[in-house]
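Chemist: The structure's right below; bear with me while I get my questions together.
Nothing in this text is a laboratory measurement; each read-out follows from the coordinates by a stated rule. A quick note: this is a predicted structure, and the numbers were derived from the prediction, not measured. Methodologically, a virtual Cβ is constructed for each residue, glycine included, from the backbone with ideal geometry; neighbour enumeration extends over all protein chains shown.
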Amino acid sequence: MKVKYYRDNPAIFLRRGVQLLSLGIILLAAFQFGEFVSALRSGGAESYRPPIVEGFLPVAAVVALRNFAATGVFDVVHPAGLIILILALGTAFIFRRGLCSWLCPLGLLSESLWRLGGKAKWRIARLPRYIDYPLLWLKYAAFIVILKYFFFMGAKDAAAFMRMPYYAISDIKMFDMFGGLSWIGFAIIGGLLLLTFFVRSFWCRYLCPYGAVLGFAGLFSPFVLSRDKKSCTGCGKCQRACPGIVNVAKGRAVVLSTECTGCATCVSVCPEKGALTFRFFGLVKVKPLIFGILFLTLFFGGVYLAKGEGLWESSLKFEQYRRLDRVMNRPHR
Ligand code: SF4
Ligand code: SF4
């Protein structure tokens, strides 16, 4: 299938641009965080710590959300992580897995690996059902564990966990973990990349628990993806372009799936006018570009508001980080 992605589809063009920008920001943040850790450990001058790294601490964010729900106290140590989780969840209830399709670098990597292989026949667009369905349960099992963790963790336990030095420097711990990967770690990451190259969206579809949580929230989205069976010719372009491997071209007139990321690619590539549309509460038609802009406005508007309210930068000062790092990471010194 030849999709004229960028010429004919401004929504796809915008999404690719935002995905690449998001990747660039994350890579820059990783570099800045590396400089920050190096300054901490070398005894150098204070260095900038990008708050966005807290987006990679999902467990800490879930615990902070649990504590916030129980006590109303907002985490000041990793506030950006909590804000990102709240925005990802909040926007998922409206725009489905917008975080997956617009902002997550793994989503971009997954889509790019698939596109890299072109039309090679030996790759698998969708595993046979008897493998696909059991594998799908992997990420839902992780989702159930997260739910259990959230609802059964006592408020006191959550607060106690957040007072631990380990919690305060969990970002540094994460950085060290990736910085000191053993060959087993490299083998696992390499294996996942290979699997995602050979099996479309392997990571996103079968393993990412974040995707499972957001996919569940997305079922409540007021934006209904509907297919008009009279206008639809059954060409299957939407389905082939769908990174979520959703049965768009067949089956029900209303497409409802936890795997739908709300990327709107299917709507953008459908050649039949009015055959596939996003409709607000099933009534008002919303163009893919508007859908994407609304999602981005809500997400980044939330970040902007959080910054204005002082809920973005950590309250931990550079010297406090340095002391904690010495205690936790280098007890032998
Ligand atoms: S069904 Fe459409 S909006 Fe949902 S993931 Fe597939 S292409 Fe994107
Ligand atoms: S919805 Fe559009 S792209 Fe999908 S099968 Fe029907 S006509 Fe083809």
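Chemist: Taking 7 Å along the Cα-to-C-beta vector as the label spot, tell me the Ser38-Arg240 distance in nanometres, rounded to one decimal.
Modeler: Placing both labels 7 Å along Cα→Cβ, they lie 4.7 nm apart.
Chemist: Could you state, as a whole-number percent, how many of the C-alpha pairs of segment 15-144 are farther apart than 24 Å?
Modeler: 48 percent
Chemist: In the chain, once you exclude exposed chymotrypsin sites (Phe, Trp or Tyr not before Pro) (DSSP loop, at most 12 other Cβ within 10 angstrom), what's the longest stretch remaining?
Modeler: Within the chain, the longest run free of exposed chymotrypsin sites (Phe, Trp or Tyr not before Pro) spans 123-219.
Chemist: A further question follows. Within a 10 angstrom radius of the beta carbon, how do Lys237, Lys229 rank from fewest other beta carbons to most?
Modeler: Numbers: Lys237 21, Lys229 10.
Fewest-to-most Cβ neighbours within 10 Å comes out as Lys229, Lys237.
Chemist: Need the full-extension length gain, Thr297 to Phe68, defined as separation in residues times 0.36 nm minus the C-alpha distance. One decimal, nm.
Modeler: Contour length minus the Cα-Cα distance gives 80.0 nm.
Chemist: So, one more: When you take every Cα atom in the chain, what is the radius of gyration, and what is Dmax, the widest Cα pair distance, in Å?
Modeler: 21.3, 73
Chemist: Tell me, how many Å apart are the Cα centres for segment 45-113 and for segment 235-257?
Modeler: That distance is 29 Å.
Chemist: Most fluctuating residue of Gly43, Gly234, Gly215 in a GNM of the chain with Cα springs under 10 Å: which is it?
Modeler: Largest GNM mean-square fluctuation: Gly43.
Chemist: Here's a follow-up. How far is the Cα center of segment 127-163 from the Cα center of segment 258-333, in Å?
Modeler: When both Cα centres are located, 21 Å separates them.
Chemist: Sticking with the crude label model, points 7 Å out along Cα→Cβ, report the distance from Leu20 to Ala159 in nm, one decimal please.
Modeler: 4.9 nm
Chemist: Which residue, Ala11, Ala80, Ala253, tops the fluctuation ranking in a GNM of the chain built on C-alpha contacts under 10 Å?
Modeler: So, out of Ala11, Ala80, Ala253, the one fluctuating most is Ala253.
Chemist: Hey, another quick one. Going 7 Å from the Cα of Arg279 in the Cα-to-Cβ direction, what parts of segment 79-99 have a backbone nitrogen less than 14 Å from that spot?
Modeler: Correct set: none at all.
Chemist: So which of Lys230/Lys287; Lys173/Lys317; Lys119/Lys237 end up more than 23 Å apart by C-alpha?
Modeler: Values: Lys230/Lys287 20 Å; Lys173/Lys317 17 Å; Lys119/Lys237 14 Å.
Over 23 Å Cα-Cα: none of the listed pairs.
Chemist: I'd like the orientation of helix 183-198 relative to the chain: the angle between its Cα long axis and the longest Cα principal axis, in ° from 0 to 90, rounded to 10.
Modeler: 20 degrees
Chemist: Using r as the Cβ-Cβ distance of Ile290 and Trp137, and R0 as 25 Å, what FRET efficiency do you calculate, to the nearest 0.05?
Modeler: After rounding, the FRET efficiency stands at 0.10.
Chemist: Can you give the calculated 222 nm mean residue ellipticity of the chain, where each DSSP H run of n ≥ 4 adds -39,500 (n - 2.57) and the sum is split over every residue, rounded to the nearest 500 deg cm²/dmol?
Modeler: After summing the helix terms and dividing by the residues of the chain, the value is -18500 deg cm²/dmol.
Chemist: Rounded to the nearest 20 debye, what is the charge dipole size of segment 5-329 about its Cα centre when +1 sits on each Lys and Arg Cβ and -1 on each Asp and Glu Cβ?
Modeler: The calculation lands at about 1480 debye.
Chemist: Placing +1 on the Cβ of each Lys and Arg and -1 on the Cβ of each Asp and Glu in the chain, which of Gly118, Trp312, Pro105 has its Cα farthest towards the positive end of the resulting dipole?
Modeler: Going by the Cα projections, it comes out as Gly118.
Chemist: Top mean-square fluctuation among Glu313, Glu272, Glu54, Gaussian network model of the chain, C-alpha springs under 10 Å?
Modeler: Most flexible of the set in this elastic network: Glu272.
Chemist: Same structure again: Please compute the modelled spin-label separation between Phe152 and Trp122, points set 7 Å along Cα→Cβ, answer in nm with one decimal.
Modeler: With each label placed 7 Å out from Cα toward Cβ, I get 4.6 nm.
Chemist: Considering the Cα positions of segment 200-333, please state its Rg to one decimal place and its Dmax as a whole number of Å.
Modeler: According to the Cα coordinates of segment 200-333, Rg and Dmax are 21.3, 73 Å.
Chemist: Of Phe33, Gly55, Pro209, which is farthest on the positive side of the dipole of the chain, counting Cα position, with +1 on Lys and Arg Cβ, -1 on Asp and Glu Cβ, and the Cα centre as origin?
Modeler: The residue sitting farthest along the positive end of the dipole is Pro209.
Chemist: May I ask you to compute the full-extension gain from Thr233 to Arg115, defined as 0.36 nm times their residue separation minus their alpha-carbon distance, rounded to one decimal in nm? Kindly include the intermediate steps, with their values, before the conclusion.
Modeler: On the way: separation 118, 0.36 × 118 = 42.48 nm, distance 2.52 nm.
That pair, Thr233 and Arg115, stretches by 40.0 nm at full extension.
Chemist: What Cys residues in the chain have no fellow cysteine's beta-carbon under 4.7 angstrom?
Modeler: So far as the 4.7 Å Cβ criterion goes, Cys100, Cys104, Cys204, Cys208, Cys232, Cys235, Cys242, Cys260, Cys263, Cys270 stand without a partner in the chain.
Chemist: Multiply the residue gap between Arg326 and Tyr130 by 0.36 nm, knock off their C-alpha separation, and tell me the result in nm, one decimal place.
Modeler: On the way: separation 196, 0.36 × 196 = 70.56 nm, distance 5.06 nm.
Once the chain is fully extended between Arg326 and Tyr130, it gains 65.5 nm.
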